[in-house]
Amino acid sequence: MTRIELPLQPNGTKVPWSYLPRQFDARSVEEILDRLRAFVPTGDFTLGKPVRAFEERFARLIGTSHAIGVNSGTDALKLSLKALGVGPGDEVVTAANTFIATIGAIAENFARPVLVDCTDNFCMDLDKLEAAITPRTKAIMPVHLAGQMTDMPALMDIADRHKLPVVEDSCQCILGSIDGRNAGTFGLAGGFSLHPLKNLNVWGDGGIIVTGNDDFALKLRRLRNHGLADRDSVVMLGCNSRLDSLQAVIGNWLIDQVEFITATRIKNAGYLDSELAKLPQIRLPQRFNNRRLVFHLYIVFAERRDALLAHCRKAGVEAKVHYPIPVYRQEGLQQFGYRKGDFPVTDRQAETMISLPAHEHLTAEQLAYMVQTVTEFYQG
Amino acid sequence: MTEHDIPYVNLRAQADEQMPELAAIFERVVRRGSLVGSGEEIERLEARLADYCGTREAVALNSGTDALFLALKVAGIGAGDEVITPPNSFIASTAVIVHLGARPVFVDVLADQNINPAAIEQAITPRTRAIMPVHLTGRMCRMDTIMELAERHGLRVIEDAAQSIGSMLQGRKSGSFGHFGCFSAHPLKNLNALGDAGFVATNDSAAAARMRRLRTHGLADRERAEEWGFVSRMDVLQAAILDYRLDKLPGVIAKRRENAALYQRLIKHEKVFVPPCRQDEFNTFHTFVIQAERRDELQRHLRSIGIRTAIHYPVPIHLQPAAASLGYRRGDFPAAERQAERILTLPVNQYMSTADVETVAGEVLAFYRG
């Protein structure tokens, strides 16, 4: 087989991590600018029509009755917990290997994050969940990390038995599903991020919460907008955490493409899975026949990870690690008293995991080049 | 019968005037693909805002509410602390205090709607940690007196300057007197983004650095979280728009001052109180608020003839359902409560012509002539 050579991209790599410059090709930018030219003169900047339209379309997409646009994925989680009444002295059980925002959302409500180790599907190890539940537990927040799915039917059984509400951290898992049921629709609520690097994104910070509960939805709508029931009545103390109308205009444009984006990522991941599985030094995370994994991140476990990472980078493959320091060992978490070694699976993964680009703008050649780069590292 | 067509705000006129430039900004920012958190646009805007406000630092954030919240947080305000503030502001000013676990202590206001410095002194207790004056409508509080008071009692001062960018007292800008000045760039502000945005101005560089971490998950760099943070970044798109509009701000302020001065000349009536401007203040008139008898009737009448007005704010914070647990009652702040029944905000935006202002003033006077 001939060796693949690729030209350098504008950012100095051959397989770039960020696809944003591609998302904004000339035709797309013109289309969006046309929409913005029509939108800006309406002056409808705060919780305007585009937000309502996006919320309706997002709720339909996910298959639930309400979607509430907020300022970020972090705020989606924070406000969901706040609406549940989570506060000082309460505990929220979540996954030890998550991005810090999950823990931040709990800490912002003055509650204590209680961490549970993960399995090799990057999600909470449900065998360890019940041991983490105490009389102070107020909610369970599973994390569908990297587009993987927590075993939600099993988790809901445990939650129901303990009568605990569940908020799904679905920030990285738009359109992930189990037996056709989407992430965010198993629990009371699901929080999603619309950050520029998510599968469905806007052009700044953004987030959205889904719920099938009418009262909970109403509470969230008030919390995100200063607790206002109408312009002049404050029924609870809220925050300012609104999805900008301007960003909703972008979201409404991109939501038409999200099925294509998702399917392409799954296809790219399938190719990488089949090729990388041939290397004994690479181990794939668990895959499941009945779960649709959407590969917000494409992660594998690699021997000599740091050397592989350096090798990829040198070859122009913009590989990354999500996340090299587990959240429980971050300085910010010292107050909760966790120590190195408390979560052995999380620790082991932090040392072996590597994320490769799998986004919808990759060419077949770029995908093959990545496989070649990793193969050459191990086989010379 | 609608005789006039005078809107309260006119964002359409602003869009018509600026659309080609705004579209060019969208395109430039988006093609670079850096849309969140940091980068050239944010740094440039922060430097220019600091320069404009006369402070060492400015920190770009997601909203004016978040500016207040993070300023209070880095000022060390937390559980058990008391923060003195007026009850006639927008709800966000008080909510951020409560969200930090602290207690808002309200004091009454002067005839010009701004906090009464004499009342502040009476409200100080051993638990008082900060004063949060609000420069309501774009009018400066008596910051000279308030700062002197704060220094004497060792209190932090967080200026709620959400409505007062560019306003001055004795030649010094709002937001530069206290330890922190908190600004909003909401679409309806004098310096406005196309969505939520805000910033904090301060001379405290260490505090600014901490706010820059807190606005992005507490991260010192991509991998290291030094403390629990938040997501409160100004969108790069909004920063680029504000950078462009900052050049236009002096013109916006000049036109609003001109409109306000005309109102002040024209609206002279015993039933209407128009707070006068002091010699040493430079008011930017985010809003132009009169205090009028038969206010609701006047507002309905103006609406019926095509003049849109607003009320900022009809229910004082201490009487809102959300404030029930603070234990205040009607009658606690007579000046603020009385004003809530009389205040009416007339349109004063920079797209109003002299004739528009004359029309509004004339119709207000005509209403009382009956």
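The values are calculated or read from the model by the stated rules, or taken from the named source; none is laboratory data. None of the values given here were measured: they were computed from a predicted structure. For neighbour counting, all protein chains shown are included, and Cβ atoms are generated from backbone atoms with ideal geometry for every residue, glycine included.
Worth pointing out:
- Subset of region B:33-65 (residues that are in a helix (DSSP H, G or I) and either at the interface with chain A (Cβ under 8 Å from one of its Cβ atoms) or under 30 Å from residue B:306 (Cβ atoms) (or both)): B:64, B:65
- Hey, residue A:45 closer than 30 Å to residue B:12 by Cα, in contact with a helix residue (DSSP H, G or I) (Cβ under 8 Å, 6 or more places away or on another chain) and within 11 Å of another protein chain (Cβ to nearest Cβ) or not: yes
- Residues of region A:53-83 that are assigned to a strand (DSSP E or B) and either surrounded by fewer than 18 Cβ atoms within 10 Å (Cβ to Cβ) or within 14 Å of another protein chain (Cβ to nearest Cβ) (or both): A:69, A:70.
- Residue count, region A:106-133 (criterion: more than 21 Å from residue A:153 (Cα to Cα) and over 21 Å from the mean Cα position of the chain (by Cα)): 3
- Condition check for residue A:276: away from chain B (no Cβ under 14 Å) and at pLDDT 95 or above: yes
- Residue count, region B:216-249 (criterion: within 10 Å of chain A (Cβ to nearest Cβ), in a loop (DSSP other than H, G, I, E, B) and closer than 30 Å to residue B:15 by Cα): 3
Quick grid of which residues meet (1) at the interface with another protein chain (Cβ under 10 Å from one of its Cβ atoms); (2) buried (at least 17 other Cβ atoms within 10 Å of the Cβ):
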residue: A:5; (1), (2): no, no
residue: A:9; (1), (2): no, no
residue: A:14; (1), (2): no, yes
residue: A:22; (1), (2): yes, no
residue: A:25; (1), (2): yes, no
residue: A:28; (1), (2): yes, no
residue: A:35; (1), (2): no, no
residue: A:51; (1), (2): no, yes
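- Looking across region A:332-347, the residues that are touching a residue at least 40 places away in the same chain (Cβ under 8 Å) and either closer than 27 Å to residue B:230 by Cα or assigned by TED's automatic domain parsing to the domain that holds residue A:121 (or both) come down to A:332, A:333, A:336, A:338, A:342, A:343, A:346.
- Scanning region A:32-65 for residues that are small (Gly, Ala, Ser) and over 22 Å from residue A:192 (Cβ atoms) yields a count of 2.
- Taking region B:200-241 as the range and being basic (Lys, Arg), crowded, with 24+ Cβ neighbours inside 10 Å and closer than 17 Å to residue B:181 by Cα as the test, only B:215 passes.
- Hits in region A:264-278 (condition: touching a residue at least 40 places away in the same chain (Cβ under 8 Å) and either aliphatic (A, V, I, L, M) or within 23 Å of residue A:199 (Cα to Cα) (or both)): A:264, A:265, A:268, A:269, A:271, A:272, A:276
- Residues located in region B:122-157, provided they are surrounded by 24 or more Cβ atoms within 10 Å (Cβ to Cβ) and closer than 13 Å to residue B:86 by Cα: B:130, B:131, B:132, B:133, B:134, B:135, B:136, B:141
- Long-range neighbours under 7 Å by Cβ, at least six apart or interchain, first residue within 14 Å of chain B (Cβ to nearest Cβ) within region A:238-262, second of a type in the set (Asp, Glu): A:240/B:66; A:240/B:196; A:241/A:75; A:242/B:196; A:244/B:196; A:245/A:44; A:253/A:31
- Pairs meeting the criteria (first residue in region B:11-27 and within 7 Å of chain A (Cβ to nearest Cβ), second residue among the charged types (D, E, K, R) and surrounded by 13 or more Cβ atoms within 10 Å (Cβ to Cβ), beta carbons under 9 Å, at least 6 apart or on different chains) are B:11/A:44; B:15/A:37; B:19/A:37; B:22/A:37; B:23/A:37.
- For first residues located in region A:348-370 and of a type in the set (Gly, Ala, Ser), partners that are assigned to a strand (DSSP E or B) and crowded, with 19+ Cβ neighbours inside 10 Å and lie 6+ apart or on another chain with Cβ distances below 6 Å form the pairs A:355/A:299; A:358/A:298.
- The one condition in (1) under 27 Å from residue A:220 (Cβ atoms); (2) within 14 Å of chain B (Cβ to nearest Cβ); (3) modelled with pLDDT under 95 that residue A:296 fails to fulfil: (2)
- Residue check for residue A:378: over 25 Å from the mean Cα position of the chain (by Cα), in a helix (DSSP H, G or I) and farther than 29 Å from residue A:258 by Cβ: yes
- Number of positions in region B:319-334 that are buried (at least 18 other Cβ atoms within 10 Å of the Cβ) and part of a helix (DSSP H, G or I): 3
- Residues that are more than 18 Å from residue A:375 (Cβ to Cβ) and surrounded by fewer than 21 Cβ atoms within 10 Å (Cβ to Cβ), drawn from region A:261-290: A:263, A:264, A:266, A:267, A:285, A:286, A:287, A:288, A:289, A:290
The rows are residues; the columns are (1) assigned to a loop (DSSP other than H, G, I, E, B); (2) surrounded by 20 or more Cβ atoms within 10 Å (Cβ to Cβ); (3) at pLDDT 95 or above.
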site	(1), (2), (3)
A:130	no, no, yes
A:135	yes, no, yes
A:138	no, yes, yes
A:156	no, no, yes
A:168	no, yes, yes
A:218	no, no, yes
